[in-house]
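Undergrad: I'd like to ask you about the structure that follows.
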Amino acid sequence: MKIRDFGVEMWMNAYENDCTHNLAETCVRSLTVEELLDLSGKREETLEQLVQTRLTYGDIPGSLRLRQAIAGLYRIMSPERVTITNGAIGANALTMLTLVEPGDRVISVLPTYQQHYSIPESIGAQVDILQLREENGWLPDLDELRGLVKKAGGKVRLININNPNNPTGSVMEEPMLREIAGIAREAGAWLLCDEVYRGLCHQGDPYTASVADLYEKGISTGSMSKVYSLAGLRLGWIAGPRELTERLERQRDYHIISVGRLDDLLASVALESREAISTRNLAICREGGRLLAEFVAGEPHISYVKPKGGTTAFLRYDLPMESAELCRRLQEETGVMLLPGSALDMEGYLRIGYCNDPGITEAGLARFGEWLRQF
């Protein structure tokens, strides 16, 4: 199978270990095991469970405890409608490998995580891009979506969206999600929403509505990485109709078997403690968002649409260089790491993560600002 190089991951692999101020980080500041145990209030109980856990394969679909906790994140899900995967990256890949065949029509928003258009292309599907635009607040134009469905003769296999959006931080509210679900329903299409940042809306309810709750062919993918600050667990999930779950379970035997039992246990503890983790993480996001807003307001070369959710923002810049050159020079000269828009097929922009340690964010923005003053 031939597939395009994964721009974001290749850039992160090449540069992440050599920076001093990582402003490309997309997780809220990661928890230590000790911090997780403290937030859970279950230190001794969990430690006892950890040391007594036999390191076999365990429950192949994931423990009932874990799947119940994940089902609790939705309005109408049950454990039988949840499939456990190796991160959201595994969830997205497994879903597309299960649903997409050569010759199918797939629609994906852009910018988004590259999986959503490169994996279908590698399978042999025809992928149509629904371009998100800054002037629309990085929200999809639903008339354009209808036009893409019409262009496909009304025969679309899968529509891929991302909410809250990576890299822009835009948030689709429930009325828009219902309208997208209606478009998918008319086309008979599955609707996959990468909801890995669901739980990090900065105002009001931190959890957006989920397409898995709104549409009979809606699929939600999520993980422990961003919202719960536990990327090291490498644990994600797919929530959707039971019909899909049964097909996923057959496909997963070739790719996953099971996730680690210790990961399963710690993820269960974290999800059962999600209110405490959410309070911590939303405070970090809001402080980072404040620092970023102050920075952008004072930088004539930088502008953005203020993100409403997630951990990243998409910065427009007006310097006479391509984004990859800018990011390389910035890191070489200051130690500050950003992600070039070109890694997301969006030249002229920079993705910044602002929910790492606030001290790193503040210091990194100060160095970035000093560097910009030479232009």
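Undergrad: Whenever you get a sec, compute what percent of the accessible area on the chain sits on carbon and sulfur atoms (1.4 Å probe). Don't jump to the answer; show the numbers that get you there.
TA: Values: 7510 of 15380 Å².
With neighbouring chains kept in place, the figure for the chain is 49 percent.
Undergrad: In nanometres, what is the gap between the two model label sites at MET321 and THR32, each 7 Å from Cα along Cα-to-Cβ?
TA: 3.8
Undergrad: In a Gaussian network model over the chain where Cα atoms closer than 10 Å are linked, find which of ALA14, ALA283, ALA181 has the largest mean-square fluctuation.
TA: ALA14
Undergrad: Spin-label point model (7 Å from Cα, Cβ direction): what's the GLU174 to ARG286 distance in nm?
TA: If labels sit at GLU174 and ARG286, their model points lie 2.3 nm apart.
Undergrad: Normalising by the residue count of the range 205-350, find the relative contact order in percent from Cα pairs under 8 Å and 6+ residues apart. Kindly include the intermediate steps, with their values, before the conclusion.
TA: On the way: 132 pairs, mean separation 18.8, N = 146.
Reported as a whole number, the value is 13 percent.
Undergrad: Return the loop-located GluC sites (Glu not before Pro) in the range 165-208 (DSSP other than H, G, I, E, B) with at most 14 other Cβ atoms within 10 Å of their own Cβ; answer none if there are none. Let's see the in-between values first.
TA: Working: sites: GLU173, GLU179, GLU186, GLU195; in loops: GLU173, GLU195.
Those that pass, being in a loop and sparsely packed, are GLU173.
Undergrad: Further question: How high is the relative contact order of the chain, in percent, counting Cα pairs under 8 Å that sit 6 or more residues apart? Walk me through the numbers on the way to the answer.
TA: Values: 744 pairs, mean separation 95.2, N = 375.
Worked out over the chain, it gives 25 percent.
Undergrad: Which residues does a label at GLU347 reach in the range 308-332, if reach means a backbone N under 13 Å from a point 7 Å past the Cα toward the Cβ?
TA: Output list for this probe position: 320-326.
Undergrad: Here's another thing I want to ask about it. Need the C-alpha centroid separation for the range 107-161 versus the range 235-263, integer Å.
TA: 25
Undergrad: What ranking do 363-371, 164-172 get when scored by the average of other Cβ atoms within 10 Å per residue, highest first?
TA: Working: 363-371: 18.2, 164-172: 25.9.
Peptide ranking by packing, descending: 164-172, 363-371.
Undergrad: If Lys and Arg each add +1 and Asp and Glu each add -1, what is the summed charge of the other residues whose beta carbon sits under 13 Å from the beta carbon of CYS355? If you can, show how the numbers build up before the last one.
TA: Details: positive: ARG29, LYS226, ARG280, ARG286, ARG290, ARG351; negative: GLU25, GLU287, ASP357, GLU362.
Here the count lands on +2.
Undergrad: Give the residue list of trypsin sites (Lys or Arg not before Pro) in the range 79-160 that are DSSP loop and have at most 13 other beta-carbon atoms within 10 angstrom. All intermediate terms of the calculation are to be shown ahead of the outcome.
TA: On the way: sites: ARG81, ARG105, ARG133, ARG146, LYS150, LYS151, LYS155, ARG157; in loops: ARG133, LYS155, ARG157.
Loop-located and lightly packed - ARG133, LYS155.
Undergrad: With a probe of 1.4 Å, find how much accessible area the chain has per residue, and write the answer as a whole number in Å². Kindly include the intermediate steps, with their values, before the conclusion.
TA: Working: 15380 Å² over 375 residues.
Solvent-accessible surface per residue comes out at 41 Å².
Undergrad: Starting from the Cα of SER303, move 7 Å in the Cα-to-Cβ direction to define the label point; list residues of the range 342-375 whose amide nitrogen is under 14 Å from there.
TA: Taking a point 7 Å out along Cα→Cβ of SER303, the residues of the range 342-375 whose backbone N falls under 14 Å are 349.
Undergrad: Sticking with this structure for a sec: What percent does the relative contact order of the range 198-263 come to when contacts are Cα pairs within less than 8 Å and at least six residues apart?
TA: Values: 63 pairs, mean separation 15.1, N = 66.
Worked out over the range 198-263, it gives 23 percent.
Undergrad: Now for a different question. Could you give the length gained on full extension between TYR254 and ASN17, defined as 0.36 nm per residue of separation minus the Cα-Cα distance, in nm?
TA: Length gained between TYR254 and ASN17: 82.1 nm.
Undergrad: Still on this model: Suppose R0 equals 30 Å. What FRET efficiency, 1/(1 + (r/R0)^6) with r the Cβ-Cβ distance, do GLU45 and GLU246 give to the nearest 0.05? Mind dumping the intermediate values first?
TA: Working: r = 34 Å, r/R0 = 1.14.
For GLU45 and GLU246, the calculated efficiency is 0.30.
Undergrad: Are there DSSP H segments in the chain that both extend 27 Å or more along their axis (alpha-carbon positions) and score a mean Kyte-Doolittle hydropathy of at least 0.0? List them, or say none. Could you put the intermediate results ahead of the total?
TA: Details: long enough: 274-297 (33 Å, 0.12).
What comes out of the filter, once short or polar helices are dropped, is 274-297.
Undergrad: Looking at the range 247-332, which chymotrypsin sites (Phe, Trp or Tyr not before Pro) are in a loop (DSSP not H, G, I, E or B) and have at most 16 other Cβ atoms within 10 Å?
TA: Numbers: sites: TYR254, PHE295, TYR304, PHE314, TYR317; in loops: TYR254.
The qualifying sites are TYR254.
Undergrad: Distance between Cα centroids, the range 346-375 to the range 188-216: provide it in whole Å.
TA: 29
Undergrad: Between ASP128 and residues 5 or more places away or on another chain, which pairs have amide H atoms under 5 Å apart, with H built 1.01 Å from N, and which residues are they?
TA: Those qualifying (amide H under 5 Å, at least 5 residues apart or on another chain) are VAL106, ILE107, SER108.
Undergrad: Assuming R0 = 41 Å, can you tell me the calculated FRET efficiency for the pair ASP59 and ASP5, based on Cβ-Cβ distance, to the nearest 0.05?
TA: Values: r = 35 Å, r/R0 = 0.86.
The computed FRET efficiency comes out at 0.70.
The values are calculated or read from the model by the stated rules, or taken from the named source; none is laboratory data. Note that the coordinates shown come from a computational prediction; the quantities given were computed from them, not determined experimentally. Heads up, the Cβs are rebuilt from the backbone with ideal geometry, glycines too, and the neighbour counts pull from every protein chain shown. Keep in mind that these areas ignore ligands, DNA and RNA; they rest on the heavy atoms of the full protein, side chains included. Shrake-Rupley method; radii C 1.70, N 1.55, O 1.52, S 1.80 Å.
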